[in-house]
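Since every read-out is calculated from the coordinates, none of them should be taken as a lab result. Every value quoted in this text rests on a predicted model; they were computed, and no experiment measured them. Neighbour counts are summed over all protein chains in view; Cβ atoms, including those assigned to glycine, are modelled from backbone coordinates with ideal geometry.
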Amino acid sequence: MPYEDLKGKIALITGAGKRTGIGYAIAEKLAACGSDVVIADLGGGPAEAGGVRLATGTEMDEIAAALAERHAVTALALPLDVTDRGSVADLAGRVKERFGRLDVLVNNAGAFFGVPSTIHQYDEEAWLKTIDVNLHGVFRVSQALVPLMTGGGSIINTSSRAGKFPPLFNGAYATAKAAVIMLTKVMAKELAGQGLRVNAICPGQIMTDLEKWRFEREAAFFQTTVEERIKEMCKTIPLGRIGRPAEVAELVAFLASSASSYMTGQAVNLTGGQLMEL
Ligand code: NAD
């Protein structure tokens, strides 16, 4: 089996509570590699954020039960709101109580708020909420969980192509994702001495609820159809198609495992060639 060393590891993935999402695909992959997984997501909160469906407690429990059965690992669904310090502290307490340590942390939770806007017209509340989930969420969760990573390990922070290449009318998300890359690099330097590697991933266009909603928003904004927006987008991707959550999960498993043992502080693109850098 590839990534043999992931067997018996404890992995926590934030925002993994929807079967359609990247977080779920990551949990599935790590469980398939033999890791015990914690599915941490909103669960009991509102049904949607800014127009995108959120995880429910029922779906999270079903996911955990299915992963445990399919892969013969321990899979736990725990509630988490990355914008709430108390919720983050509760999560850390429960992981400590149940497992005593953590080996792999995937900061994947993300959300958009508001409507497409230029910076000078951006709604302040939407700006603050978007930055809070996508940037401060990574800070809060890492701060609470790094103390449990006593045996070394790997942290993977989800940035985005949008963190490197400026999208139009989505400034808060892009700014937060760019900051996640710098946060990753700072953490990588600070934690290297403790045997912890920290890398970011920068997916391009991956078909999930978030991506569908973004295409819907853009179609309304540009007065066209979702199909037309997707067709236009695919023209900008050398591989000519939108990516799949499972393809992101492959990269995360590589970064979580010792196969990437000499990599830290990197922000790895996964964009079908849409983003190419020297
Ligand atoms: P998604 O909407 O399917 O998943 C996001 C998850 O985060 C959901 O399960 C949601 O419940 C959870 N979440 C939202 N707010 C939260 C909060 N306050 N606390 C805890 N959990 C919360 O979207 P996705 O496309 O799977 O996105 C996963 C990550 O990948 C995000 O960080 C996103 O920004 C990033 N990303 C996605 C794409 C893409 O094309 N889909 C591209 C680049 C980066």
message: If each residue of separation counts as 0.36 nm, what is the full-extension length gain between His120 and Thr225 once their alpha-carbon separation is subtracted?
response: 35.1 nm
query: Just Leu102, Leu67, Leu128 to compare: in a GNM of the chain, with alpha carbon springs under 10 Å, which one fluctuates most?
result: Leu128
field: the chain - mean residue ellipticity at 222 nm from DSSP helices (-39,500 (n - 2.57) per run, n ≥ 4, rounded to 500)
entry: -13000 deg cm²/dmol
field: Amide H contacts of Ala49 (H built 1.01 Å from N, under 5 Å, at least 5 apart or other chain)
entry: Leu54
statement: Extension length gain for Asp5 and Arg70 (0.36 nm per residue less Cα distance), in nm, is 21.5 nm
message: Highest mean first, how do 12-25, 167-180 rank when packing is the count of other Cβ atoms within 10 Å averaged over residues?
response: 12-25, 167-180
- prompt: Which helices, counted as full DSSP H runs in the chain, have an axial Cα extent of no less than 27 Å and a Kyte-Doolittle average of 0.5 or above?
  reply: 171-191
- request: With unit charges on the beta carbon (Lys/Arg positive, Asp/Glu negative), name the residue among Thr83, Cys33, Gly45 whose Cα is farthest towards the positive pole of the charge dipole of the range 1-139.
  value: Cys33
- prompt: Does the range 27-161 come out rounded, prolate or oblate by the C-alpha gyration tensor, with a ≥ b ≥ c the root eigenvalues, rounded set by a/c under 1.5 and, if not, prolate when a/b is larger than b/c and oblate if not?
  reply: prolate
- prompt: Where a ≥ b ≥ c are the square roots of the eigenvalues of the C-alpha gyration tensor, would you call the range 118-184 rounded, which needs a/c under 1.5, or, failing that, prolate if a/b is larger than b/c, or oblate?
  reply: oblate
- line: Set Lys164/Lys235; Lys9/Lys96; Lys164/Lys189; Lys18/Lys235, cut-off 25 Å on Cα-Cα distance; pairs above it are Lys18/Lys235
task: Assign one of three labels to the range 1-85, namely rounded, prolate or oblate, based on the Cα gyration tensor with a ≥ b ≥ c the square roots of its eigenvalues; rounded applies when a/c is under 1.5, prolate when it is not and a/b is larger than b/c, and oblate otherwise.
output: prolate
message: Straight-line reach from Lys177: which aspartates and glutamates fall under 19 Å, measuring Cα to Cα and dropping same-chain residues less than 8 apart?
response: Asp81, Asp123, Glu124, Glu125, Asp132, Asp209, Glu211, Glu277
Residue with peak Gaussian network fluctuation, the chain [Cα springs, cutoff 10 Å], from Phe112, Phe254, Phe99: Phe99
- request: Could you please tell me the mean projected area of the C-alpha convex hull for the chain, averaged over all directions and given in square nanometres to one decimal?
  value: 14.1 nm²
Convex hull volume per residue in cubic angstrom - Cα atoms of the range 151-190: 57 Å³
